[in-house]
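Enquirer: Encoded as structure tokens, here's the structure I'll be asking about.
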Amino acid sequence: MHNSKNSSIQQKDIKKLLEYRMEKILPLCIEKNVKSITNMGAANPLAAVRATERLAKQLEIKQLKMQQFLG
């Protein structure tokens, strides 16, 4: 049985984890000119891209290129 309350909590936890990880690696990726490939947004790729874009803006990272894959 699908529980939307648990699903909502899980989505929030996933977003927090995504933001935590991206906060740590985005500056390093830019500094070292390294690409990061992740499936952290597997449940909702567009939301993961948007969250990462917001974080990059907060970190004042302007040279970020992002791609999402669906399907």
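Enquirer: Which ones in region 24-41 are of a type outside the set (V, I, T), assigned to a loop (DSSP other than H, G, I, E, B) and open to solvent by less than 80 Å² (accessible area, probe 1.4 Å)?
Expert: Across region 24-41, the qualifying residues are S36, M40, G41.
Enquirer: Still on this model: Those residues that are open to solvent by 30 Å² or more (accessible area, probe 1.4 Å) and of a type in the set (S, T, N, Q), I need them from region 42-57; list them, please.
Expert: Selection gives N44 alone.
Enquirer: A follow-up question, please. Evaluate region 2-20: report whether one residue or more is of a type in the set (A, V, I, L, M, F, W, C), at pLDDT below 90 and in a loop (DSSP other than H, G, I, E, B).
Expert: No: region 2-20 contains no residue that is of a type in the set (A, V, I, L, M, F, W, C), at pLDDT below 90 and in a loop (DSSP other than H, G, I, E, B).
Enquirer: Are any residues in region 47-70 part of a loop (DSSP other than H, G, I, E, B) and basic (K, R), and if so, which ones?
Expert: Hits for region 47-70 are K62, K65.
Enquirer: Just checking, how many residues over region 58-71 are surrounded by 10 or more Cβ atoms within 10 Å (Cβ to Cβ), in contact with a Leu (Cβ under 9 Å, 6 or more places away or on another chain) and not β-branched (V, I, T)?
Expert: Total meeting the criteria: 3.
The values are calculated or read from the model by the stated rules, or taken from the named source; none is laboratory data. Being a predicted model, the structure only gives us computed values, none of them experimental. Every residue, glycine as well, gets a Cβ built from its backbone with ideal geometry; the counts of neighbours run over all protein chains shown. We work out accessible area using only protein heavy atoms, side chains counted, and drop any ligands, DNA or RNA first. Shrake-Rupley method; radii C 1.70, N 1.55, O 1.52, S 1.80 Å.
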